[in-house]
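The values are calculated or read from the model by the stated rules, or taken from the named source; none is laboratory data. Everything quoted here is computed from the prediction, not taken from an experiment. Because the Cβ atoms are built from the backbone with ideal geometry, glycine has one as well, and the counts that use them run over all protein chains shown.
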Amino acid sequence: MAWREDWRRVRVIAWKDITTERRSKAGFNSVAALAVTILVLFGFALGPEAQALRDAAAGAVWLAALFAGVLAFNRSFQVELESGAIEPLLLYPGSRWTILAGKLLANALFVGLMLAIVVIVGVTLFQVTIPKAWPSLLGLFALGAVGLVVLGTFYAAMSSRTRAREVLLPLLLFPMLVPVLLAAISGSKALLTGDLMHEAGAWIRLLVAYDIVFVSATLLAFEHVIEA
Amino acid sequence: MNAESSLAVDAQRIARRFGARWCLRGVSLQVRPGEVVGLAGANGSGKTTFLRVLSTLLKPNAGAARVYGHDVTRAADDVRRHVGFLAHTAGLYDDLTALENLRFAAEMLGRSPEGLEASLDRVGLARVANDRVRGFSAGMQRRLALARLMLMHPRLLLLDEPYANLDAAGIDIMNAVITEVRNAGGAALLVLHELAPAAGMLDRVLTLVDGRIAAEGDGPAANAPTASAPTLASAAGAR
Amino acid sequence: MNETADTMNVPRSRAWTLFGVFAFVALIAAQVHAVLTSPADRDMGHLQKILYVHVPAAWIMSLAFLVVFVFSIRYMWRGQEKDDLLAAAAAEVGATFNGLTLVLGMIWGKPAWGAWWVWDPRVTTTLVLFMIFVGYLALRSFVDDPERRAQWSAAVGAFGAINVPIVYMSVRWWRTLHQIQSSPSTMDSAYVLGLRTNAIAFMLIMIYFIRRRYELARLRRATELIADAAALGGT
C-alpha cells in the first residue's frame, strides 16, 4: 500500500517537472544550446586535425554535458523556490524521498535528451565513426547519465538554497563525479576504438556500482537535507 | 486517542531566530477547537514566523508546540495531516493550469482527482480552469491556493494575511471556508494587518510586539457589537 | 533545548594543554631521531628524509577523514550538535594535513619522478579528496543556520568519504589501462621505524588540533547561546 502511494507521488512530481519544463521551454533549450556551444569551443581548442578530434571526442562530449547539466540541476529546484512552491511541497504529509525520486526521473529525461543532442553534434563535429558496439555505448551513456543526475540533483537541493549557488554546486559536485567522468570518458573512448583491451566491461561495472551506491545514499539522506 | 480531545494549538514559549535576530521571543498561545483567533502586529513582529513554526516549516530554537496533541518537531508528519497553511506567496506552478495545480495537490495527498472542477467553482475559478496560472492576478492565485488548501480537509487553518489581494467576493469565500472549518470542529489562526475583513469571524485577537504577545482582547466584536454579535452567537452554538 | 546546557558547558582543561606540549615534543623527538638514524638514500640522498613528514601526513589525513565520516553518520543518526562540530573540526584538520601531503609530495616528486605532478592513483585521489573537503568547508561557510549547516555537511562529508575508494579505483584503472608505468616506492626496513614513530607523533598532533578546533567551535556556539538567552530576556 505504502509503496503504491509513494510511487504515485514520484510519478506526479516527475510529471509536474516535465510539464513545466516543456511549457517554459526556455530552460531546456538554452541548456542544450550551451552544451553545443561548449562542444564547438572544445573543437577550437583541440582541432582541426581529424585524429586529435576523434581521440578527444568522448571527453569533450562528457564535459560539455557536465557543464550544461549543472545549470539544469540548479533550475530543477529554482522552479520550486521562485514561486514559493517548495513550502506546500514540504507540507504534504508522507515520505520526502519521493520528491527527490520524482526530480531524478525528470532530470534523467532532460539530461538524456541533452546528451542525445550533444552526441549527435559531437559525432558530426569530431568526425567520429559509430562503432558496431553501439548498444554497449548507449548503456554506458545511460549509466553515466544516472550518476551525473543523482548527485547533481541531490547537491542542487542544497546549493540552490544558499547565497552562492552558482559556484557552490560545481565545487561540491565535480570532485564527486570524478569516477563517473573517468569511467564514461574512458569507456566511450574504448568502445569507439573497438575495445581492443576489453576494458569497457570494467568501466560499465564501475558505473553500475557507483549508481547503486549513490542512488541509495541520496534517497536515504534526502529527508534530512530537504527538512533542514 | 488523547489527540482528539486536546487543544488545536498549544504553543509554549516558542522562540525562533534568524542569524542573530530573534523573531520570536517566547510566544505561548492556546487555541481550542472551534475557535478563530486573530494575530495582529506590526511588520517584523514575528507573526508569520509563528505560523511557519506551527506549520512545521520552521523548527523553533526554543520552546515546544503541539497541534491536536502532536509535537511540531517530533511528530511533524502527524501535524501536517491536520494543518492547512496558506502562505503569503501562493506557491503555485506558473506553467501549470489551475486544474493541473489542483490535480498535482490531490495526487500528492492521495485523494482522488475527481470533483476538482467543483473545488474550482467554489472559489469562482471555473471559467479559467484550463488557463495557466502565469496570467492570474494575485487575487486569483490566492483563491486557487485556498481551493488547494481545502483539498487537505484541514482541522487547523493557519492563514497568513488571508484577505490580501482579495475582492469583496473573495473575502466572502475566505470567510465561508473559515466558518466551515470551525463548524466542523476545527480551528483557525489568522495573521492580520487589518481586522475589518474578518469582522465577526474572530473570537479573540492577540497582538505580537517584537516577538512577544503584548495584548489580548476579544475580537472586534467588542467594539462593533451590531456586526458581530450574531456570528459570535452562532460560533458558540457550533461549539 | 536540553542541548543548551550541554553546549554551554564548554570542555576545557589543563590536561589538554599538557597533551599538546607532549605532542609537539614527541613530534620534534621523532623527527630528530629519524633524521639522525636513517642512512642517506642510494638514489635520493638526504631528500629522502622528507618522507618522514610526507608519509605520516598522508596517513593522518586519512585518519582525520575517517573521523569526519564516522561523526557525520553519527550526526545523521542521532542529530546531536556535538557530533557535527567534531566532524567539522576533523575536516579542517584533515584538509590541512591533506594540503601538506600534496605539497610535500610535490617537493619529493620533482627530484624523484622528474616532475612536480604525476597522475598516480594515490596522488590523484589525494587531490580529489582535497577538492571534496574544500567543497565541504565552503558549504559550511555559506550556510548560516546551524542545524541546516549540520545536516547538509553531514551528508556531504559522508558522501565524500564513501566516494574515496571509488575514486581511487577509477584513477587506478584509468592509469593502468593506459599503460603508463607507475612508480612504486618500496621502503627499506631502516626507514620503517622512523616512519612509525613519526606517524604516532603526527597522530597526537592531529588529536590535539581536532580537540582545540572542537573546543573553539563549542565556545562559539556557547557565546551564541548566551547572547540568545540575553535576547530572550530570561524566558
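The criterion of being among the polar types (S, T, N, Q), in the same structural domain as B:Leu51 (by TED's automatic domain parsing) and out of contact with any Cys (no Cβ under 7 Å at 6 or more places or on another chain) holds for B:Asn183.
Among the residues of the stretch C:103-111, none qualifies, meaning not one is within 10 Å of chain A (Cβ to nearest Cβ), at pLDDT below 90 and crowded, with 18+ Cβ neighbours inside 10 Å. Of all residues assigned to the stretch C:139-146, at least one qualifies as being crowded, with 17+ Cβ neighbours inside 10 Å, part of a helix (DSSP H, G or I) and facing chain A (nearest Cβ under 8 Å).
Within the stretch A:35-44, the set of residues being within 24 Å of the chain's Cα centre (by Cα) and either more than 10 Å from A:Phe126 (Cα to Cα) or assigned to a loop (DSSP other than H, G, I, E, B) (or both) comprises A:Ala35, A:Val36, A:Thr37, A:Ile38, A:Leu41.
Of all the numbered requirements in (1) assigned by TED's automatic domain parsing to the domain that holds B:Pro197; (2) out of contact with any helix residue (DSSP H, G or I) (no Cβ under 8 Å at 6 or more places or on another chain), B:Ile171 misses one, and that requirement is (2).
If you go through the stretch C:112-138 and keep only what is in a loop (DSSP other than H, G, I, E, B) and either on the phi < 0 side of the Ramachandran plot or at the interface with chain A (Cβ under 9 Å from one of its Cβ atoms) (or both), you end up with C:Ala115, C:Trp116, C:Trp117, C:Val118, C:Trp119, C:Asp120. Would the stretch A:58-75 turn up any residue that is surrounded by 18 or more Cβ atoms within 10 Å (Cβ to Cβ), within 14 Å of chain B (Cβ to nearest Cβ) and closer than 28 Å to A:Gly144 by Cβ? So far as the stretch A:58-75 goes, yes, one or more of its residues are surrounded by 18 or more Cβ atoms within 10 Å (Cβ to Cβ), within 14 Å of chain B (Cβ to nearest Cβ) and closer than 28 Å to A:Gly144 by Cβ.
Here the helices (runs of 4 or more DSSP H) wholly within the stretch B:44-127 that include at least 1 residues being aromatic (Phe, Trp, Tyr) are B:47-54, B:98-109. Among residues of the stretch A:4-29 being touching a Ser or Thr at 6+ places or on another chain (Cβ under 8 Å) and among the aliphatic types (A, V, I, L, M), the one that is nearest to the other protein chains (Cβ to nearest Cβ) is A:Ile13.
Here is a yes/no grid of residues against (1) within 23 Å of A:Val150 (Cα to Cα); (2) away from chain B (no Cβ under 14 Å); (3) modelled with pLDDT of 80 or more:
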site: C:Ile166; (1), (2), (3): yes, yes, yes
site: C:Thr186; (1), (2), (3): no, yes, no
site: C:Arg196; (1), (2), (3): no, yes, yes
site: C:Asp228; (1), (2), (3): no, no, no
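Per the listing B:Leu57, B:Leu51, the residue uniquely out of contact with any His (no Cβ under 9 Å at 6 or more places or on another chain), assigned by TED's automatic domain parsing to the domain that holds B:Leu190 and closer than 18 Å to B:Arg182 by Cβ is B:Leu51.
Applying the condition of being within 14 Å of chain B (Cβ to nearest Cβ) and surrounded by fewer than 16 Cβ atoms within 10 Å (Cβ to Cβ) to the stretch C:198-226 and asking which residue is nearest to the chain's Cα centre (by Cα) yields C:Arg220. Does the stretch C:70-88 include one or more residues that are of a type in the set (Gly, Ala, Ser) and farther than 14 Å from C:Ser153 by Cα? Looking through the stretch C:70-88, none of the residues is of a type in the set (Gly, Ala, Ser) and farther than 14 Å from C:Ser153 by Cα.
Matching residues to (1) facing chain C (nearest Cβ under 9 Å); (2) touching a Leu at 6+ places or on another chain (Cβ under 7 Å); (3) free of Cβ contacts under 8 Å to residues at least 60 places away in the same chain:
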| site | (1), (2), (3) |
| --- | --- |
| A:Val146 | no, no, no |
| A:Thr162 | yes, yes, yes |
| A:Lys189 | no, no, no |
| A:Leu196 | no, no, yes |
| A:Ala200 | no, yes, no |
| A:Ile204 | no, yes, no |
| A:Leu207 | no, yes, no |
| A:His224 | yes, no, yes |
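With respect to being within 14 Å of chain C (Cβ to nearest Cβ) and within 14 Å of the chain's Cα centre (by Cα), B:Thr49 fits the description.
Candidates are the residues of the stretch B:4-32 that are among the hydrophobic types (A, V, I, L, M, F, W, C) and out of contact with any strand residue (DSSP E or B) (no Cβ under 7 Å at 6 or more places or on another chain); the one that is modelled with the highest pLDDT is B:Phe18. Residues in the stretch B:27-57 that are surrounded by fewer than 19 Cβ atoms within 10 Å (Cβ to Cβ) and not hydroxyl-bearing (Ser, Thr, Tyr): 5 in all. For the stretch A:79-95, which positions are over 22 Å from A:Arg22 (Cα atoms), at the interface with chain B (Cβ under 7 Å from one of its Cβ atoms) and either touching a Ser or Thr at 6+ places or on another chain (Cβ under 7 Å) or outside any helix (DSSP H, G or I) (or both)? Selection gives A:Leu91, A:Tyr92, A:Pro93.
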